[in-house]
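Enquirer: Okay, here's the structure, questions in a sec.
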Amino acid sequence: MDQFFRIFIESAWTASLIPLSSEATLYAMKSFGQDVTLAVIPAILGGTLGMMTNFLLGMLMLRAKRSGIPVIGERTYDKAQRFFNKYLFFLLFLSFLPMFKFLVLAAGFLGTRPRYALILVALGYVLHYGMVLL
């Protein structure tokens, strides 16, 4: 049971903006003959939790912007918001990739609904860790 908790913590940490990886642990478990099917569940939950932390940080930035703290110019913000809304599904669905992790922060900052972000991020992690099982 302890190993599952470690994978959960590692996945949450991995999903943060600091790029680390939980896949190494899962592949190591798999190579030593352990069944990683159950280990994937805390990895998905931890990764999603870590990404939602990034999302909340983005929401805090949005609150700062709305209170008058100059975070970004209005024109740039509107342009980013239009782009992000156009490609929201693909960007958040692929947020498990290291180069896209910051996009969950951007989603919070650009006012994306939390439930959409949660669903898309979780589905992306299900796909990602599902590939580890193969």
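Values in this text are rule-based calculations from the coordinates and carry no lab data. Since we're looking at a predicted model, the values are computed, not measured. All Cβ positions, glycine included, derive from the backbone under ideal geometry; neighbour counts span all protein chains shown.
Enquirer: For the chain, set up a GNM with springs between Cα atoms under 10 Å and report which of Phe102, Phe83, Phe55 has the largest fluctuation.
Expert: Judging by the Gaussian network model, the answer is Phe83.
Enquirer: Need one number: nm distance between label points at Phe102 and Met29, each 7 Å from Cα along Cα→Cβ, rounded to one decimal.
Expert: 3.1 nm
Enquirer: If r is the Cβ-Cβ distance from Thr37 to Arg82 and R0 is 25 Å, what FRET efficiency results, to the nearest 0.05? Can you show the working numbers first?
Expert: Numbers: r = 41 Å, r/R0 = 1.66.
Efficiency, rounded to the nearest 0.05: 0.05.
Enquirer: Another one. Using a Cα-Cα cut-off of under 19 Å, which lysines could be cross-linked to Lys86, ignoring same-chain neighbours fewer than 8 residues away?
Expert: By straight Cα distance, Lys86 reaches Lys101.
Enquirer: Another question, if that's okay. With the convex hull built on the Cα atoms of the chain, state its orientation-averaged projected area in nm².
Expert: Values: hull surface 33.1 nm².
Result: 8.3 nm².
Enquirer: Can you pull the one-decimal nm distance between simple spin-label points at Asp2 and Tyr116, each 7 Å off the Cα toward Cβ?
Expert: Calculated label separation equals 4.4 nm.
Enquirer: Nearest 10 degrees is fine. How inclined is helix 2-15 to the longest principal axis of the chain, computing both from alpha carbons?
Expert: With both axes taken from Cα atoms, the answer is about 30 degrees.
Enquirer: Nearest 10 degrees is fine. How inclined is helix 74-86 to the longest principal axis of the chain, computing both from alpha carbons?
Expert: Computed tilt is about 40 degrees.
Enquirer: Could you state the angle between the C-alpha long axis of helix 37-66 and the longest principal axis of the C-alpha atoms of the chain, as a value from 0 to 90 degrees rounded to the nearest 10?
Expert: Computed tilt is about 10 degrees.
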